[in-house]
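Peer 1: Below is the structure I would like to discuss, written out as structure tokens.
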Amino acid sequence: MRIPCPHCGPRGHEEFAYHGDAAPIRPDPAAAEAERAFGEYVYLRDNPAGLHRELWYHALGCLTWLIVERDTRTHAIRGVAEARANHAQGQAAQ
Amino acid sequence: MNKAATPKQLGRLAAGGLVDRGQPLSFSFDGRSLEGYAGDTLASALVANQVRLVGRSFKYHRPRGLLSAGGEEPNALVELRGGARREPNTRATVAELFDGLEAVSQNRWPSLRFDVLAANRLLGPLFAAGFYYKTFMWPAAFWEKVYEPLIRRAAGLGRIATGPDPDTYEKAFAFCDVLVVGSGPAGLMAALSAARAGARVLLAEDDFRFGGRLLAERRPVGDRPGHVWADEVVAELKSMPNVRLLRRTCVFASYDHGVFAAVERVNDHLATPPEFEPRQRLWRIVSRRAVVAAGAIERPLLFGDNDRPGVMLAGAARAYANRYAALAGRRVVVSTDNDDAWTTAFDLAAAGATIAAVVDSRESPPVSAGAGLPWMSGAVVRALGGRSLEAVDVRTAQGGAHRIDCDLLAMSGGWTPTLHLTSHQGARPRWDERLAAFVADQLPSGMAVAGAANGERSTAEALAAGARAGMAAVEAVGLRARAADLPSVPPEPTAQRALWRMSGSAGKSFVDFQNDVTTSDIELAEREGYRSPEHMKRYTTLGMATDQGKTAGVNGLALLAERAGQPIGRIGTTTFRAPFAPVAIGALAGPHCGAEFKPVRLPAAHRWAVEQGAVLVETGAWLRAAYFPRSGEKDWLEAMTREVTTTRSAVGVCDVSTLGKIDLQGGDAAEFLERLYVNGWKTLAIGRARYGLMLREDGIVMDDGTVSRLGEQRYLVTTTTANAGSVFQHMQFCHQVLWPELDVQFVSVSDQWAQFSIAGPRARDLLRAVVDSRHDLSSEAFPYMAAADVRLADGTRARLFRISFSGEFAYELAVPAAAGERTVRWLMQAGAALGVAAYGLEALGTMRIEKGHVAGNELNGQTTAYDLGLGRMLSASKDFIGAVMARRGALTDPGRPRLVGLAPVDRAARIGAGAHFVAAGASPTAANDQGFMTSAAFSPTLGHWIGLGLLAGGPERLGEQVLAVDLLRARSTLVEVRAPVFVDPAGDRLRV
Ligand SMILES: [Zn+2]
């Protein structure tokens, strides 16, 4: 598998570390049901057959955390973006 | 070898072929000296020498000859070379002949001609389909004593070499616009079209000569012999700087996004590789587009005793005659269900063989054929003969029976496209009824198939398809292709009507020759309910031999479909998995063996440690000094005891450079630390260090270390050696994914700084000798947990920390890595008068256990801060990673296994890590388990063994006695539960 890193270009997947689903957002620790929310944040993951937004870390490259949109059935990669940019959008959406 | 005694090549034609008669090569087969020519394979040289019996079959030890002329060969497996280079299960059909080659047949005892175990034929029922599952079910004891030895002797492949491989292997990477797999007519045209358009082309060919099937055919291409046309194309490709040609290279696997694996047999064609050259090279090829032009594999026909030596695939018999000028038989019957095998009949006739008959299962031969050759409509139903074919029985369409004498049966059941590479990512091929073959359906992105691999069987079709695929590939990568001129080729018929099986056959009809799977095995499997191809495969072992059923797969599926009354297309195929062909483990390992298995990290002062006679130990990737034995010390325990005693009474120096070090800067650095660690950082003053504990988000301890504040916005974070990489990655995650708004930057400086612990009551005296005298090292000016940039007396810039892992009065001194070795030498020299000792990991570990400091054994991914007695560090007034989850009831249950110290009640007894705790007198069962010993050491300070452990409700049980059961060391020791700090619990020594 090759992942097109926005900084380094297409690189072999063995340069990256996988971190799973990018969807969960760290909950507010001061919220009423924080323990339940953190439980879901830490343990619950969807396992879709299809497009999946997931976190990859370019460990043997530019050290950037990336959000890779990958089809879990075909490994086709639709898009790659820096996680920090995505975060800004996510915060805005909230 | 005695050349004079070498027999003449009686099966060799006087002229023609692509062998070099000017370059005779001597070789031996089963000790018999023979001669071949440069350009031969071992198989073609055996044909030229009329050697027909080349092996014995796997289960029944039936005599076997060559079935094919290529990589699909199931029968002719031989051992090549000798000694440590002995290589079993090598296909004679792909082994390139070289002078002095020694080949030995396999799976026979005592000899190929007289095989005692051929009597296995009488044990036939024992070896029927599913025999693994049925025969050996009961009684269990019989398996070891009777069945396994019997099978081991009966069913064997070659013997591996037992010495270390004397050859080297390497790995290489290639990047290209267009990868072309195969150099037959389709592959050459694809490569040429792409290369002329300027694309970076990589052409890989499994054979030692480019040209594919063109080398084996007499049909002209562009009005010249096919191999001449191929040579011309290859010459043009070689002249282009954008083309790389790899022959002897098998592309054996296809991965996502255009990645392929290939093995290049760089020097397999020589007795030994030249100096400094590898035997084989493993390629990882990254391509933007790929054209799979891997050709097709011919299928055997299924009839009684179709495995007799002398029964050969028609295309193979033709290849031996045309390419190698070697006649596999003088009197030939051709049996076919398709047009292609007629070419074999014509070519063998032209080579001087007598065509006794062409037996075609269809009503009429191809329009252009028939002239001058005797033929009949019907099929061969049985082969006759023992170790060599003598005749065949034919049943004609009209019901007539004939026996025809012959020494070669050239058979063809049609051609199966070689589409493995198109299916390695999981795509299933589609059945094409007209072609009677599976063809690729959904292709991986960027891949095309051309030529016989796509069912385009005639040379003209293959040339055109290759050109189209090459042009499409270059256009896809943004280049402009122009239509190539296609060479003219005479028309050739390629029709087929699949026969699959002649009913009324007698004798065993082999489907999978290598695993001895017959038509009746498949029928039995189907009857017993194994009706999916995957079940049938495993029950009968069809396709599970080293040839992976290349000649067997489709025939097996056809039989299954016939039995089930379903079309083959609905039955489907088994899964295609890499590798396409056997790959030596040596090639996969490449240079990564022995000491080079993985990289080794050496601390900056490694050379010094080695000079001191340090005994080294691997810790992760690091090689570290375990202890520094002195003459007269009989073991590690004695050396460690001296090192600890010297440190605790005078001063010791230890290389702790392997700690992770992260330089953290920015306006929000303190806030970042607040969120990373359980404890607070806002009050940490410049020039001070603090112990920090880090959790995972699930509340379990991740790591610990010290953080020193070096400036207003600058901190030095240290991690444990083992977690240096993962903590850094975690910090990147926290910064980039969780809190990108924080103004922080950080970089790993683990390799930039060498660091030494200087511990013991004389530590300050020693430091005064090396640190610039301007620095006041008194406890008033530089107290416990102080940190500062300093200069050494020789001007070296350094960092000094007054921190202690040993529990002694101690410092850690960091210097740039380049100054590490000279600094430790200086410390040892300056410390000589103080009685300094270097200490290693053993002493370090002992002293931290004496002091009750937790380390990797306790930070084991299951323990919480509360378990380790560090629960009070968790700040309640801030958020940090793991804060919420660490508060969960189950993680703060007092009954959890929690940290305690342990000492044997009998002070002379020895205890070890890994022992489990049970109540005294209780049996050592999982139900009685109360925790386990995480660390243990002999304490020189106390004079007896001590340990740390996780004991259920431990801190409330001080003074109790429990049994430490060490099943691994067959030892049970009564131990006393103690507080975990054995030495200086008040910490007085630290603050001197
Ligand atoms: Zn990158």
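Peer 1: Just need the relative contact order of region B:536-613 here, percent rounded to a whole number, with Cα pairs under 8 Å and 6+ apart.
Peer 2: Value for region B:536-613: 17 percent.
Peer 1: Taking chain B as the reference, fit the longest principal axis to its C-alpha atoms, fit the long axis of helix B:820-831 to the helix C-alpha atoms, and give the angle between the two in degrees, 0 to 90, nearest 10.
Peer 2: Approximately 40 degrees, to the nearest ten.
Peer 1: Right, here's the next one. In whole Å, what three semi-axes, largest first, describe the equivalent ellipsoid of region B:386-466 built from its Cα gyration tensor (square root of 5 times each eigenvalue)?
Peer 2: Square roots of five times the eigenvalues give 37, 14, 14 Å.
Peer 1: Roughly how big is region B:814-891's charge dipole about its Cα centre, with Cβ charges of +1 (Lys, Arg) and -1 (Asp, Glu), in debye to the nearest 20?
Peer 2: 220
Peer 1: For region B:660-748, what does the alpha-carbon gyration tensor say about shape, rounded, prolate or oblate, given a ≥ b ≥ c as the root eigenvalues, a/c under 1.5 as rounded, and a/b over b/c as prolate?
Peer 2: Cα axes put region B:660-748 in the rounded bin.
Peer 1: Under 14 Å Cα to Cα from residue B:171, which aspartates and glutamates show up? Leave out anything in the same chain fewer than 8 places away.
Peer 2: Those aspartates and glutamates meeting the cut-off are B:264, B:277, B:596.
Peer 1: Okay, moving on. Under a point spin-label approximation (7 Å from Cα along Cα-to-Cβ), what is the residue B:218-residue B:483 distance to one decimal in nm?
Peer 2: Between residue B:218 and residue B:483, the label points sit 3.4 nm apart.
Peer 1: Based on the alpha carbon coordinates of region B:845-992, what radius of gyration and maximum Cα-Cα distance (Dmax) apply, in Å?
Peer 2: 15.8, 49
Peer 1: Next question, about the same structure. Quick check on packing: order B:46-58, B:271-283, B:851-863 by the mean number of other C-beta atoms within 10 Å, highest mean leading.
Peer 2: Taking the mean over residues of other Cβ atoms within 10 Å, the ranking is B:46-58, B:851-863, B:271-283.
Peer 1: Next up: Need one value for A:51-62: mean number of C-beta atoms belonging to other chains within 10 Å of its residues' C-beta atoms.
Peer 2: Mean partner-chain Cβ count within 10 Å for A:51-62: 1.
Peer 1: Roughly what % antiparallel, to the nearest 5, for the DSSP beta bridges in region B:309-413?
Peer 2: 40
Peer 1: So what's the gap between the Cα centers of region B:708-768 and region B:912-947, to the nearest angstrom?
Peer 2: 34
Peer 1: Per the Cauchy relation, a quarter of the hull surface: what is the mean projected area of the convex hull of the alpha carbons in the protein assembly as shown, in nm²?
Peer 2: 52.6
Peer 1: Subtracting the Cα-Cα distance from 0.36 nm times the residue separation, let me have the gained length for residue B:968 to residue B:589 in nm, one decimal.
Peer 2: Length gained, residue B:968 through residue B:589: 133.1 nm.
Peer 1: Taking loop as defined by DSSP and a crowding limit of 13 other beta carbons within 10 Å, which trypsin sites (Lys or Arg not before Pro) in region B:916-988 fit?
Peer 2: B:969
Peer 1: If you average the alpha carbon positions of region B:599-642 and of region B:505-571, how far apart do those two centres end up, in angstrom?
Peer 2: 61
Peer 1: Return the Cα extents of region B:499-575 along principal axes one, two and three, sorted largest first, each rounded to a whole Å.
Peer 2: Principal extents (Cα only, largest first): 30, 30, 23 Å.
Peer 1: Give me the percent of Cα-Cα pairs in region B:800-925 that sit more than 19 Å apart, rounded to a whole number.
Peer 2: Counting every Cα pair in region B:800-925, those more than 19 Å apart make up 68 percent.
Peer 1: Once you order the gyration tensor axes a ≥ b ≥ c over the Cα atoms, which shape class does chain B get: rounded for a/c under 1.5, otherwise prolate or oblate by comparing a/b with b/c?
Peer 2: prolate
Peer 1: If you take each beta carbon of peptide B:201-210 and count the beta carbons of other chains within 10 angstrom, what is the mean?
Peer 2: 0
Peer 1: Farthest toward the dipole's positive end in region B:499-575, which of B:536, B:561, B:520, given Cβ charges of +1 (Lys, Arg) and -1 (Asp, Glu) about the Cα centre?
Peer 2: B:561
Peer 1: A follow-up question, please. Over 29 Å between Cα atoms: which of B:59/B:550; B:661/B:851; B:508/B:550; B:8/B:59; B:661/B:878 fall into that group?
Peer 2: B:8/B:59
Peer 1: Treating the Cα atoms of chain A as identical point scatterers in vacuum, please give the log10 of the normalised Debye intensity I(q)/I(0) at q = 0.11, 0.22, 0.23 Å⁻¹, two decimals.
Peer 2: -0.36, -1.14, -1.20
Peer 1: Compute the Cα gyration tensor for region B:309-413, then decide on rounded, prolate or oblate, letting a ≥ b ≥ c be the square roots of its eigenvalues: rounded whenever a/c is under 1.5, prolate when a/b is larger than b/c in the other cases, and oblate in all that remain.
Peer 2: Judged from the Cα gyration tensor, region B:309-413 comes out oblate (a/c at least 1.5, b/c at or above a/b).
Peer 1: Run down the aspartates and glutamates and flag those whose C-alpha is under 13 Å from the C-alpha of residue B:682, throwing out any fewer than 8 positions away in its chain.
Peer 2: List returned: B:668, B:671, B:674, B:712.
Peer 1: Which order do peptides B:296-305, B:171-180, B:683-692 fall in by mean Cβ count within 10 Å, highest first? Don't skip to the end; give the middle numbers.
Peer 2: Numbers: B:296-305: 25.0, B:171-180: 22.0, B:683-692: 16.4.
By packing density, highest mean first, the sequence is B:296-305, B:171-180, B:683-692.
Peer 1: Next up: Which of the GluC sites (Glu not before Pro) found in region A:1-62 are loop residues per DSSP with 15 or fewer other Cβ atoms within 10 Å of their Cβ?
Peer 2: When the GluC sites (Glu not before Pro) of region A:1-62 are filtered for loop state and at most 15 Cβ neighbours within 10 Å, A:33 remain.
Peer 1: Here's something else I'd like to know. Compute, for region B:499-575, the length of the dipole vector about the Cα centre, with Cβ point charges of +1 (Lys, Arg) and -1 (Asp, Glu) only. Units Debye, rounded to 20.
Peer 2: Dipole of region B:499-575, to the nearest 20 debye: 160 debye.
Peer 1: Compute the acute angle (0 to 90°) between the alpha-carbon long axis of helix B:340-350 and the principal axis of greatest extent of the alpha-carbon atoms of chain B; round to the nearest 10°.
Peer 2: 60
Peer 1: In percent, what relative contact order does chain B have, based on Cα pairs under 8 Å that are 6 or more apart in sequence?
Peer 2: The normalised contact order for chain B reaches 9 percent.
Peer 1: Near residue B:103, within a Cβ-to-Cβ distance under 9 Å, what is the net charge of the other residues, with Lys and Arg +1 and Asp and Glu -1? Intermediate values should be presented prior to the final figure.
Peer 2: On the way: positive: B:81; negative: B:30, B:79, B:102.
Charge balance near residue B:103 sits at -2.
Peer 1: Here's something else I'd like to know. Just how large is the dipole of the protein assembly as shown about the Cα centre, in debye to the nearest 20, putting +1 at every Lys and Arg Cβ and -1 at every Asp and Glu Cβ?
Peer 2: So the dipole magnitude of the protein assembly as shown works out to roughly 1340 debye.
Peer 1: Considering amide H positions built from the backbone, and no H for Pro or chain starts, which residues 5 or more places from residue B:60, or on another chain, come under 5 Å of its amide H?
Peer 2: It is none; the list stays empty.
Peer 1: Against the longest alpha carbon principal axis of chain B, how many degrees, from 0 to 90 and to the nearest 10, is the axis of helix B:841-851 turned?
Peer 2: The answer is roughly 50 degrees.
Peer 1: Follow-up. Determine the distance separating the Cα centre of region B:463-501 from the Cα centre of region A:9-28; give it in Å without decimals.
Peer 2: 42
Peer 1: Further, regarding this structure: Which trypsin sites (Lys or Arg not before Pro) in region B:448-557 sit in a loop by DSSP (not H, G, I, E or B) and have at most 11 other Cβ atoms within 10 Å of their own Cβ?
Peer 2: Passing sites in region B:448-557 are B:480, B:482.
The numbers here are math on the coordinates, done by the rules we state, and not lab data. These figures come from a predicted structure and were not determined experimentally. When we count neighbours, we look across all protein chains shown, and the Cβ atoms used for this are built from the backbone with ideal geometry, even at glycine.
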